[in-house]
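Undergrad: Structure in structure tokens, see below.
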Amino acid sequence: MFDPLLAGQILAGLFFLAILVVLLGGYIVAWTLGGLSMIFALIGWQLGVFDPALLQALSTRFFGVITNPVLIAVPLFVFMGVVLERSKIAEVLLTTMGELFGSMRGGLGLSVVVVGALLAASTGVVGATVVAMGLLALPAMLRAGYDPKLATGVICAAGTLGQILPPSTVLIFTADILQGANAAAQAELGNFAPDTVSVGDLFAGAFLPGLILAVLYGVWVMVRAALDPSAAPAIATSPERRRTLGRRVVVALIPPLALIVAVLGSIVGGIATPTESASVGSLGAILLCLIKLLAERRVRGEDGVDHEEKLFWFWIGFLCVLLAIGAFGGAFWLLTFLVGAILAALVPVLASAKLRASFLDTMSETCRSTMTITSMIFIILLGATAFALVFTRMGGYELVRGFLDAMPGGQVGAVMAVMAIMFVLGFFLDTFEIVFIVVPITAPILIILGVDPILLGVLIGLVLQTSFLTPPFGFALFYLRGVAPASVKTTMLYAGVLPFVIMQIAVLGLVWFWQDLATYLPNYLFRSPAGVFEGAPAPLPFDDVEGDEFL
């Protein structure tokens with residue numbers, strides 16, 4: 001006898017497998033998700049397991065995605081990161097940090113970790129960071145006599161910090177998906193006034209684990225240098241360069257620090273929402289680009305000393321003004337100040353033909369790159385929206401629910417199963433694809449089992465970052481392989497990242513067993529002291545939960 005429920009679940013399972021097979025075949029992700037969704041919807045309609053009238057909801061869902069105010073932060077953060085890359089601010093930072101720490105054994109490796117953390121906290125763009133540091137730091141480390149395995153490993157690991165450290169674009173999408181999943185799950189648990197899951201919550205939750213990772217990376221570099229000095233030798237710096245190093249460090253550090261203060265400080269301090277802070281960061285990046293152009297052309301003295309000293313005092317004053325306006329004026333006056341400063345800096349830049357051409361070229365390249373990256377992300381999201389609708393309404397939710405319910409170990413087993421699936425998919429699919437496909441269909445079930453949504457979001461970020469780094473298919477390895485010299489063998493890259501993968505797994509376990517690492521800051525800054533789950537009803541068995549509540 002034909003069982004529509006069983007047939008729908010079987011078809012949903014085949015749908016998911018077809019998605020994976022076609023994606024692994026190299027087809028365009030967005031068209032694969034959208035096209036196969038329509039094909040399987042048609043098959044389900046013919047079998048009587050899918051109602052085609054449900055497809056009418058797609059236009060409303062697409063419009064909701066495009067007009068989602070939270071997701072406006074994504075192109076703004078991407079823009080901010082590309083401006084820092086194109087304007088060479090990141091290059092100056094890496095060079096100066098290398099001089100600061102280079103005189104000690106392991107210093108160049110430590111500078112890569114510091115720069116990776118700073119760029120992650122001011123841009124949130126991963127691939128560009130790995131490539132940039134591979135182009136700038138790897139040749140310098142190899143010339144200094146660094147072990148290629150250590151050099152490539154620390155560059156890959158530091159470059160992937162943008163996956164977990166705010167303002168990661170991955171965390172923005174994850175938070176947006178978890179917000180809807182948490183609301184529906186809490187309603188099933190009888191909690192009709194749950195605390196919301198915001199982007200700020202996930203930013204705060206990921207901050208401590210990301211910081212711990214960066215510290216562990218730096219500690220490993222120094223331990224390796226102590227155990228094997230030839231693997232990470234010190235480099236000599238001339239007395240003249242050392243004499244002005246302090247000023248140059250300040251000049252190189254304050255631009256990214258100013259962005260971090262403007263972006264993360266405004267969120268944590270409650271001055272601005274993540275979207276507003278992203279707009280502040282974008283304007284700040286434009287202003288930094290203008291200041292750098294003016295400094296290189298108009299402030300430099302004949303011997304260069306006046307250049308560094310004037311820039312030193314300028315950046316000290318600029319950071320103080322920025323802090324004062326942010327603390328006492330809020331987001332509106334911070335934006336007003338940045339707009340006014342940009343207009344003032346534009347006058348001399350546009351007045352000079354050389355500066356004008358350089359600035360317009362930078363902005364043109366930045367806008368083109370931002371549009372390309374943003375369009376790619378959102379077209380995948382629209383395809384994933386169609387996939388989620390067809391998959392869940394066809395019976396996929398019940399299929400996933402039954403799979404996780406059958407896992408031994410209850411909550412722990414279900415979480416481990418989902419994380420393992422995402423880890424393996426990370427070898428073959430992009431981070432955004434995994435978030436858009438897997439999180440919407442698994443997060444509600446895990447939240448019903450009692451997993452804090454903030455903890456879940458942080459675990460997802462850590463797992464995807466680990467997958468991004470793990471050989472033989474880690475995306476970070478491919479990024480670095482593309483810019484590394486031929487003398488650096490692929491096996492060296494694999495061997496170099498293994499200690500960092502072990503650290504990733506250790507931090508992942510630490511966050512699971514000491515969950516306050518992910519939940520303390522969000523609870524302290526944004527949520528009720530009691531936490532979102534205290535006093536909530538006990539989780540219901542899966543048989544009592546309707547999958548449609550999560551759609």
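The values are calculated or read from the model by the stated rules, or taken from the named source; none is laboratory data. Just so it is clear, the structure is predicted and the values come from calculations on it, not from any experiment. Don't worry about glycine lacking a Cβ; one is built from the backbone with ideal geometry, like all the others, and counts go over all protein chains shown. In case anyone asks, the SASA skips ligands and DNA or RNA and just uses the protein heavy atoms, side chains included. Shrake-Rupley method; radii C 1.70, N 1.55, O 1.52, S 1.80 Å.
Undergrad: In Å, what is the Rg of the alpha-carbon atoms in segment 177-260, and how long is Dmax?
TA: Cα-based Rg and Dmax for segment 177-260 come out at 22.8, 69 Å.
Undergrad: Compute the semi-axes of the equivalent ellipsoid of segment 1-138, taking the square root of 5 times each eigenvalue of the Cα gyration tensor, and list them largest first in whole Å.
TA: Values: eigenvalues 478, 70, 26 Å².
That gives 49, 19, 11 Å for the three semi-axes.
Undergrad: How much net charge surrounds residue 445 when only the other residues with a Cβ under 9 Å from the Cβ of residue 445 are counted, with Lys and Arg +1 and Asp and Glu -1? Display every interim value, and only then the final one.
TA: Details: positive: 401; negative: 405.
With Lys, Arg at +1 and Asp, Glu at -1, the neighbours total 0.
Undergrad: Here's a follow-up. Identify, among 504, 138, 477, the residue whose Cα sits farthest towards the positive end of the charge dipole of the chain, taking +1 on the Cβ of Lys and Arg and -1 on the Cβ of Asp and Glu, with the dipole about the Cα centre.
TA: The one lying farthest along the dipole's positive direction is 138.
Undergrad: Once the Cα gyration tensor of segment 304-400 is found, what semi-axes does its equivalent ellipsoid get, as square roots of 5 times the eigenvalues, in whole Å, sorted largest first?
TA: Those come to 45, 22, 13 Å.
Undergrad: Could you give the accessible area per residue of segment 1-113, probe 1.4 Å, as a whole number in Å²? Numbers along the way, then the final one.
TA: Working: 5470 Å² over 113 residues.
Value for segment 1-113: 48 Å² per residue.
Undergrad: At what distance in angstrom do the alpha carbon centres of segment 321-368 and segment 126-199 lie from each other?
TA: 28 Å
Undergrad: Right, here's the next one. Counting each pair of different Cα atoms once, what's the Kirkwood radius of segment 389-481 in Å, rounded to one decimal?
TA: Radius from the Kirkwood sum: 13.9 Å.
Undergrad: Taking the Cβ of residue 492 as the centre, find all other residues whose Cβ is under 9 Å away and add up their charges (Lys, Arg: +1; Asp, Glu: -1).
TA: Summing Lys and Arg as +1 and Asp and Glu as -1 gives +1.
Undergrad: With equal scatterers on the alpha carbons only and no solvent term, can you work out the Debye log10 of I(q)/I(0) for segment 445-488 at 0.18 1/Å?
TA: Cα-only, vacuum Debye calculation for segment 445-488: -0.63.
Undergrad: May I ask you to list the lysines whose Cα is less than 24 Å away from that of residue 149, ignoring any residue fewer than eight positions away on the same chain?
TA: Partners within reach: 489.
Undergrad: Residue 516 to residue 353: extension gain in nm, 0.36 nm per residue of separation minus the Cα-Cα distance? Display every interim value, and only then the final one.
TA: Details: separation 163, 0.36 × 163 = 58.68 nm, distance 5.49 nm.
So the extension gain works out to 53.2 nm.
Undergrad: While we're looking at this one, here's another question. Mind putting together the pair-distance distribution for the chain? All Cα pairs, 20 Å bins, whole percent per bin, short to long.
TA: The distribution over the chain is 21, 52, 24, 3, 0, given as percents.
Undergrad: How large is the convex hull of the Cα atoms of segment 127-234 per residue, expressed in Å³ as a whole number?
TA: 108 Å³
Undergrad: At 7 Å along the Cα-to-beta-carbon direction for both residue 487 and residue 314, put a label point, then send me their distance in nm to one decimal.
TA: With each label placed 7 Å out from Cα toward Cβ, I get 3.8 nm.
Undergrad: Let me ask you something else. So how tilted is helix 305-351 from the main axis of the chain? Cα-based, degrees 0 to 90, rounded to 10.
TA: 40 degrees
Undergrad: Relative to the longest principal Cα axis of the chain, at what angle does helix 127-143 sit, 0 to 90 degrees, rounded to 10?
TA: With both axes taken from Cα atoms, the answer is about 40 degrees.
Undergrad: Any chance you could give the angle, 0 to 90 degrees and rounded to 10, that helix 169-188 forms with the longest Cα principal axis of the chain?
TA: Relative to the chain, helix 169-188 is tipped by roughly 30 degrees.
Undergrad: Using only C-alpha positions, report the orientation-averaged shadow area of the convex hull of segment 110-179, nm², one decimal.
TA: 4.5 nm²
Undergrad: Restricting things to alpha carbons, find the Rg to Rh ratio for segment 60-124 using the Kirkwood radius for Rh.
TA: 1.25
Undergrad: If you don't mind, another one. Calculate the FRET efficiency for residue 360 and residue 244 from the Cβ-Cβ distance with a Förster distance of 25 Å, rounded to the nearest 0.05.
TA: Step by step, r from the Cβ atoms, then E = 0.20.
Undergrad: At 10 °C and 1.306 mPa s, grab the translational diffusion coefficient of segment 322-478 from Stokes-Einstein with a Kirkwood Rh over Cα pairs, rounded to a whole number in µm² per second.
TA: Roughly 81 µm²/s, to the nearest whole number.
Undergrad: Separate question: If you take the beta carbon distance between residue 38 and residue 403 as r and set R0 to 30 Å, what does 1/(1 + (r/R0)^6) give as a FRET efficiency, to the nearest 0.05?
TA: The value I calculate is 0.75.
Undergrad: Still on this structure, I have one more. Over its Cα atoms, what ratio of radius of gyration to 2.2 N^0.38 Å does segment 204-299 give? Let's see the in-between values first.
TA: Numbers: Rg = 18.5 Å, N = 96, 2.2 N^0.38 = 12.5 Å.
It is 1.48.
Undergrad: Now a separate question. Roughly how many percent of the accessible protein surface of segment 288-439 is carbon and sulfur, given a 1.4 Å probe and a whole-percent answer?
TA: 69 percent
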